[in-house]
Every structure is written in C-alpha cells, then in structure tokens.
1. Go through the stretch A:96-114 and count every residue that is buried (at least 17 other Cβ atoms within 10 Å of the Cβ) and under 12 Å from A:ILE7 (Cα atoms).
2. Is it true that B:ILE194 is of a type in the set (A, V, I, L, M, F, W, C) and either buried (at least 17 other Cβ atoms within 10 Å of the Cβ) or outside any strand (DSSP E or B) (or both)?
3. Restricting to the stretch B:23-51, count the residues that are in contact (Cβ under 8 Å) with a residue 40 or more places away in the chain and away from chain A (no Cβ under 14 Å).
4. Hey, among A:LEU47, A:LEU12, which residue is surrounded by fewer than 21 Cβ atoms within 10 Å (Cβ to Cβ), in contact (Cβ under 8 Å) with a residue 12 or more places away in the chain, within 13 Å of another protein chain (Cβ to nearest Cβ) and among the hydrophobic types (A, V, I, L, M, F, W, C)?
5. Is it the case that the stretch B:169-190 has a residue that's under 25 Å from B:ALA249 (Cβ atoms) and outside any strand (DSSP E or B)?
6. May I ask you to list pairs of residues, at least six apart or on different chains, whose Cβ atoms are under 8 Å apart, with the first in the stretch B:157-185 being over 15 Å from B:THR102 (Cα atoms) and the second being charged (D, E, K, R) and surrounded by fewer than 20 Cβ atoms within 10 Å (Cβ to Cβ)?
7. Spot the failing condition for A:ARG125; the list is (1) touching a residue at least 12 places away in the same chain (Cβ under 8 Å); (2) touching an Asp or Glu at 6+ places or on another chain (Cβ under 8 Å); (3) within 14 Å of chain B (Cβ to nearest Cβ), and only one is missed.
8. Checking the conditions here, which among B:PHE49, B:PHE78 is of a type outside the set (Gly, Ala, Ser), surrounded by 23 or more Cβ atoms within 10 Å (Cβ to Cβ) and under 15 Å from the mean Cα position of the chain (by Cα)?
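The values are calculated or read from the model by the stated rules, or taken from the named source; none is laboratory data. Keep in mind that what you see is a predicted model, and the values were worked out from it rather than measured. Neighbour counts are summed over all protein chains in view; Cβ atoms, including those assigned to glycine, are modelled from backbone coordinates with ideal geometry.
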Amino acid sequence: MSWHGYILLENLSLNNTQRSLLVDGLKTLGPSSSPQPAELNHWRIRLDNDAVIFEAKFNTNNISISAIKNRLGNIFGIDPGDINHATIPGDDTVIAFSYLAIDRIRFTVFGTLSALWNESGDRARGYLLANITEWEIST
Amino acid sequence: MHGVGLQLGIGAPMVFNSEYYQDLLRLDRPNLIALWPQTESVGTAALNFEGNTLKNGIYTGVTLDNAKFLTGEPTPLFDGVNDFNNIHSAQLNTDFNNAEGTAIIWLQVFNVGVWTDATVRRGLYMQADASNRIFLGRSSNANDANLAYRAGGVNLQTTISGMTTTDPFMLAITWSVANDEVIAYLDGQQSGAILNGLGVWAGALDAAGTLIGAQSTGPTFIWNGWLSYGGLWSTPLSANAIEHAYARAFA
C-alpha cells in the first residue's frame, strides 16, 4: 500500500556509522520516478544532524515496525527479533526502538498512516514550529 | 490573446492574462537574466522562460499545479517543511549582476496563520554568503514581509508591516550601485524609503543558497504557500516597469 506523508527519524544512541547506514537506507525509499516532485523522497536534516524528516509516497511495507527492525538488525548484525519497540500514544505514530535495553531511535509517522497528505503535513509543520530552534538557523 | 474571463460571485467578470509571461519577457528584454513562472504540471525542471535552459531550476518536493495563479496558470505549493526550487547554475552566476538588478516574485501564504507562525520564510533568496545576499519573503515577526539587499555586510532592508493577505502579492526589489539606491516594492508600488549606502558585494552565488522557496538546500526557512513568476534582471527596473509587471497579471 502507498502512503504519501511525512516521517521523522530521531537518533537516540546510534553512532555516526550506524546513523548513516540507517539514514542512507531510508533515503532510498519511495518511488524511483513520479510526475510530482512531492512524491519523490526528499528530506530535511535537523541542525545537529541527529534527526531527519522525510517526505515521499512510501510503500507502507517499507516503513513498518518490522521493516525498521530489519534495518536495525542489519546495522547491528543481530536478529531483528532482538530489537524491541514501544509505541507512544498520541496523534502521531511514535515508536521507540531499543536494543539491549537502550533506546536507539525514535520513529514518527506524522498523523499516522491513516492521515491524508495534508494532515500529515500539518502535523509535521506543527512539530517544526514547536521545535524551531533545533531546525532553523538564526537569521 | 488574453485568457478567458472567470466570474467570481456577484459582479463583473474578471479577465486574467494567461500570457503574462510574454508581458514579463518584453520587460527590458536585453537585461532579463531569468524568468521562472513555475507553471509546470509535471517533472522536476523549473523552466527558465528567458530561454537559456542552463538556467532552469530544479524542484525538490514541491506540489506542482496545486492551484491556479491570477493568470489561470498552474502554481506550485511549497509545503513549509522541505520544498524548494534550486535556481542556482553556473550560467546564472555568470549572468547575475550584483551591482545593478531587479528581483521579483509572486507569493501567496497557505493560510492567514502563516503570517503569525513566527518563522522566517523566503520567497526568493540569493546569496554568496550571509554578508552578501538578496531576499524577498517574510520575517519571523508577525505580519511582516521583508526585502533586503546586503553587500559587504551592509544590510539595506525594508520591512512591510500589517501583512494579512491570503491573496497573491508581488514583492520586488531593485538595487543600483551607480545610483546608490535600493528600492522595495509591494504590489507594484514603492514601499518604504529609498535606501542608500550600498556596500560592495563579494563572492559568487552560493549553489546551496540560491533558491525560490527557501534559504538553503538544507532546506531552511521554507515558504508555506504558493510561489509564481520569480524573475531576475541585470538592471534596476523603473517604478513604471515594476507597476506594469504587477498590473499585467490582472490584464
């Protein structure tokens, strides 16, 4: 199933190599071509380089909990079944993934996978406004 | 040939100019550097209607043909999150005149809340670095638009207060070292005083900082709404020409 919206990846304790592997992998998601630039995967990196907002027309299989666990399992060289997750309730789908009792990343689907594109965008814009000093440079 | 009129509610039909781009192309044609109407419906290329395809822009993330501009042509939506049109090119850098010029852009906020969201949002932004840049857009202050020419760290900026419109509006800025003048325009009319004391521009245009709809390719300070008809000239257009550029969108 396809879903056009915004997702947020926050690095909680990956090292630089692990973070790059995960981010580079997520950059490949979405259609290889589309008449609409909005549907092609594109991203915005937080000023501290420890979070990324992606937007694309995603295949939801590629941003599922199991898909993220598979990526983390490959990165750590472990069975994805050893990756745990905890869902944080709210208006977005927010999931913290942990390994060896340490939170590694937090993954957010703005507005959940049931959200329309503009609804997901509203959630992403609201998040940016609420965290503006982390995402915008000073003028 | 003008476009078909559209009747909006009670009242006389309004006639929109669907060949507005030709009016702008005729505006001091020898000094036109680039014109990006952003009227595409598909693809990532933002065509330069001046004709040199080396100065085409490249869209990232925008939603093309999301709405219709005053002329009835498609206009793209910039989402305020991660969209921009990178208009930088080696050719643009060659043709850009940092001492004499005009930049225009048509802007429209997504909703009235954009004017009070405390976020800097750029309509058109061109820099060599933070000390040498030109921008048109809004500041982080509520209901303020701002336009600036900064060269050698000397910042000449006009702030236009009280902005609440959710309709398209046109910003323009002219700069002239020869005349020692920077002039800002809103909807074809001069806004604020003529600014004097221009600094000396240094540096080539920044490949990551010459954009429609954002300040950098990070991206940062993304516009939230629609943007159309970004244009650049190598001369300061006259007040009459700026007014003409505005008025012809309604002709």
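1. Residues that pass the stated criteria total 7.
2. On the way: of a type in the set (A, V, I, L, M, F, W, C): yes; either buried (at least 17 other Cβ atoms within 10 Å of the Cβ) or outside any strand (DSSP E or B) (or both): no.
The answer is no for B:ILE194.
3. The first filter runs over the stretch B:23-51 and keeps only residues in contact (Cβ under 8 Å) with a residue 40 or more places away in the chain, leaving B:23-24, B:27-28, B:31-39, B:46.
Then drop every residue that is not away from chain A (no Cβ under 14 Å), which leaves B:23-24, B:27-28, B:31-37, B:39.
Here the count works out to 12.
4. Values: A:LEU12 fails: within 13 Å of another protein chain (Cβ to nearest Cβ).
None of the other options fit; the residue is A:LEU47.
5. Yes, there is a match, as at least one residue in the stretch B:169-190 is under 25 Å from B:ALA249 (Cβ atoms) and outside any strand (DSSP E or B).
6. Cβ pairs passing all conditions: B:THR159/B:ASP144; B:ILE160/B:ASP144; B:SER161/B:ASP144; B:MET163/B:ASP144; B:PHE169/B:ASP187.
7. All conditions are met except number (1).
8. On the way: B:PHE49 fails: surrounded by 23 or more Cβ atoms within 10 Å (Cβ to Cβ).
It is B:PHE78.
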